[in-house]
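The values are calculated or read from the model by the stated rules, or taken from the named source; none is laboratory data. Being a predicted model, the structure only gives us computed values, none of them experimental. Quick reminder, even Gly has a Cβ in these numbers, built from the backbone with ideal geometry, and neighbours come from all protein chains shown. Ligands, DNA and RNA are stripped out before the accessible areas are found, and what is left, the full protein with its side chains, is counted by its heavy atoms. Shrake-Rupley method; radii C 1.70, N 1.55, O 1.52, S 1.80 Å.
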Amino acid sequence: QVRLEESGGGSVQSGGSLRLSCAASGYTYNIYCMGWFRQAPGKEREGVAAICAGAGRTYYADSVKGRFTLSQENAKTTVQLERNSLKPMDTAMYYCATVPGQWAIASMTPAEFHYWGQGTQVIVSS
């Protein structure tokens, strides 16, 4: 069974930084894509950043380019999302998601990903 657990959420002032981590267990695929999504109250879930390890491809939403950085401590089990220059608009529940056996994704939409974590709350104060 594939399990994803997010950590690193919390409260920070505008302009600050937070590091989110996604720990995966029961994940045995060498070819996979992992993505970060966020959902604010009253809004739909949107893609933030994603990486496809098999092809070495990284994706970023336009709203976070230059501020968020996706990296890996372990190719299969741990992925970090470094968020700098946080803004109130970044306040949301952040979710880690993955899809096995994919070299790339067409877009960062929830339908592209098959397994989801429970989410971690991020609050950015103005």
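For the reader, a short list of remarks on this structure follows.
- Restricting attention to segment 60-80, the residues that are β-branched (Val, Ile, Thr) and either at pLDDT 95 or above or outside any strand (DSSP E or B) (or both) total 2.
- The residue list Tyr115, Tyr95 contains one member that is over 27 Å from Val12 (Cα atoms), open to solvent by 20 Å² or more (accessible area, probe 1.4 Å), under 15 Å from the mean Cα position of the chain (by Cα) and of a type outside the set (Lys, Arg), which is Tyr115.
- Given (1) loosely packed, with under 15 Cβ neighbours inside 10 Å; (2) within 16 Å of Gly8 (Cα to Cα), index of the condition Leu70 fails: (1)
- Screening the candidates Gly42, Gly35, Gly26 for the property of being more than 14 Å from His114 (Cβ to Cβ) and either touching a residue at least 60 places away in the same chain (Cβ under 8 Å) or out of contact with any Cys (no Cβ under 7 Å at 6 or more places or on another chain) (or both) yields one hit, Gly42.
- Members of segment 25-50 found to be open to solvent by less than 20 Å² (accessible area, probe 1.4 Å) and assigned to a strand (DSSP E or B), listed by number: Tyr32, Cys33, Met34, Gly35, Trp36, Phe37, Arg38, Gly47, Val48, Ala49, Ala50
- If you check Arg83, Arg57, Arg38 for being modelled with pLDDT of 90 or more, of a type in the set (Lys, Arg) and within 16 Å of the chain's Cα centre (by Cα), only one passes: Arg38.
- Of all residues in segment 1-24 being assigned to a loop (DSSP other than H, G, I, E, B) and over 16 Å from Val122 (Cβ atoms), the one that is least open to solvent (accessible area, probe 1.4 Å): Val2
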